[in-house]
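Below is one structure, written out as structure tokens; the observations come after it.
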Amino acid sequence: MELRDFWGKSSKSWLFLILLFVASFGFYSNVFNWIPRWRQREVSQSSCEAHHLQGQRESPPLSEGDCYPDTCRVPRVPRMLYPKAHVLQPTRVDVLLMTPWFAPIIWDGTYDSAILNAQFKNTTIGVVVFAIKKYVVFLKLFLETAEKYFMVGHRVIYYILTDRPADVPQIPLQEGRRVVILKVRNYTRWQDVVLHRMEMISNFSQQRFLHEVDYLVSADVDMKFSDHVGVEILSSLFGTLHPGFYASDRRRFTYERRPLSQAYIPEDEGDFYYAAALYGGSVAEVYRLATACHQATLIDKANGIEAVWHEESHLNKYLLYHKPTKVLSPEYVWDERMLRKPPYLRRLRYVAVPKNHAQIRSR
């Protein structure tokens with residue numbers, strides 16, 4: 001065979017092989033480019049399916065899930081008729097309505113109860129009340145006034161933590177509300193009773209509260225409700241301005257000032273002084289708060305120190321570095337015997353009951 005014939009035939013074969021290689025290369029390069037996009041679509045589709053399943057998990061009533069109206073999702077409300085909010089006409093100009101970290105401060109006239117009641121329709125609220133020693137005598141008035149003013153129209157569980165279960169009074173309750181008695185131990189000193197409150201809240205949060213309610217409110221038993229207290233207070237974490245210090249400079253706050261204590265707050269720090277008489281939030285957040293405060297008291301005890309205002313001192317330290325998502329005005333904790341009502345305080349919602357502290361704190 002002549003060389004010319006060989007190259008003539010071979011060139012055709014080589015040309016065919018080259019074209020086949022180019023076509024194959026283009027095909028496989030497209031395949032390899034397509035695979036990541038396919039995987040990405042697959043992951044995206046899986047995410048969408050997971051999101052859909054998550055939405056399905058959130059669809060039951062809030063008490064059956066881990067979601068809360070103000071943190072996880074936007075609650076759906078029915079068609080309603082109510083006055084329009086005017087951007088250029090604030091509802092109150094005589095008081096501070098928002099903290100520097102954009103948490104609302106709740107005063108009368110700053111919210112619409114109808115909207116909030118619809119928003120928190122399927123919510124269950126737990127109320128923790130300590131009725132230890134002679135403090136059990138305040139339970140009857142507390143429960144009677146709570147049934148009249150507290151979370152009316154909503155599901156409520158009153159958790160009564162007491163060393164005297166037989167002395168808990170029987171009070172007629174609204175539909176969807178009940179009393180749960182939790183027996184706890186007594187302590188010789190009233191200071192120890194107060195300091196162990198956070199421990200009890202932490203323990204029962206794990207055992208019951210996380211599984212039974214959506215929000216948890218800790219309330220002093222030696223007080224009474226005298227006006228509406230509703231779902232406007234609910235948030236991930238809320239505290240109440242102490243009636244004795246809400247208008248004071250931070251240097252006058254009775255924070256714990258000894259550096260040795262875990263509740264120590266320097267004089268150049270502090271937002272507000274919060275009352276331990278009323279605070280709360282989602283169960284998960286209250287559990288974190290109570291656990292942290294209890295651990296702090298244990299460290300103080302090991303160091304031979306006791307915070308000046310016991311659990312209230314530790315509460316203030318915690319809320320300084322874990323900013324509450326809502327702050328309640330002094331309308332929500334007041335003492336009519338010790339304080340004069342200022343004109344901007346339109347309502348007194350939760351007020352102290354007159355008592356002899358020395359007598360009631362004894363056995």
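The values are calculated or read from the model by the stated rules, or taken from the named source; none is laboratory data. It should be emphasised that the depicted structure is a prediction, and the values quoted were computed from it without experimental measurement. Cβ atoms come from the backbone with ideal geometry, glycine included; neighbour counts cover every protein chain shown. Side chains are part of the model used for accessible areas, which takes the heavy atoms of the whole protein and leaves out ligands, DNA and RNA. Shrake-Rupley method; radii C 1.70, N 1.55, O 1.52, S 1.80 Å.
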**Report entry** Counted residues, region 136-176 - those being part of a loop (DSSP other than H, G, I, E, B), open to solvent by 70 Å² or more (accessible area, probe 1.4 Å) and acidic (Asp, Glu)
**Finding:** 1
Query raised in the report: Out of LEU216, LEU182, which single residue is assigned to a strand (DSSP E or B) and in contact with a Leu (Cβ under 7 Å, 6 or more places away or on another chain)?
Result: LEU182
Query raised in the report: What is the one condition in (1) of a type in the set (D, E, K, R); (2) surrounded by 18 or more Cβ atoms within 10 Å (Cβ to Cβ); (3) farther than 19 Å from ILE233 by Cα; (4) modelled with pLDDT of 90 or more that LYS133 does not satisfy?
Result: (4)
Query raised in the report: Is there a residue in region 180-189 that is at pLDDT 95 or above, surrounded by fewer than 21 Cβ atoms within 10 Å (Cβ to Cβ) and closer than 24 Å to SER235 by Cβ?
Result: yes
Query - Qualifying residues in region 192-203 (those that are in contact (Cβ under 8 Å) with a residue 24 or more places away in the chain and more than 15 Å from ASP220 (Cα to Cα)) - the one surrounded by the fewest Cβ atoms within 10 Å (Cβ to Cβ) - result: GLU199
**Report entry** region 182-216, residues that are among the hydrophobic types (A, V, I, L, M, F, W, C) and more than 22 Å from ARG164 (Cβ to Cβ)
**Finding:** LEU210, VAL213, LEU216
Report task. Just give me the residues in region 224-236 being assigned to a strand (DSSP E or B) and open to solvent by less than 10 Å² (accessible area, probe 1.4 Å), in sequence order. Result -> PHE225, VAL229
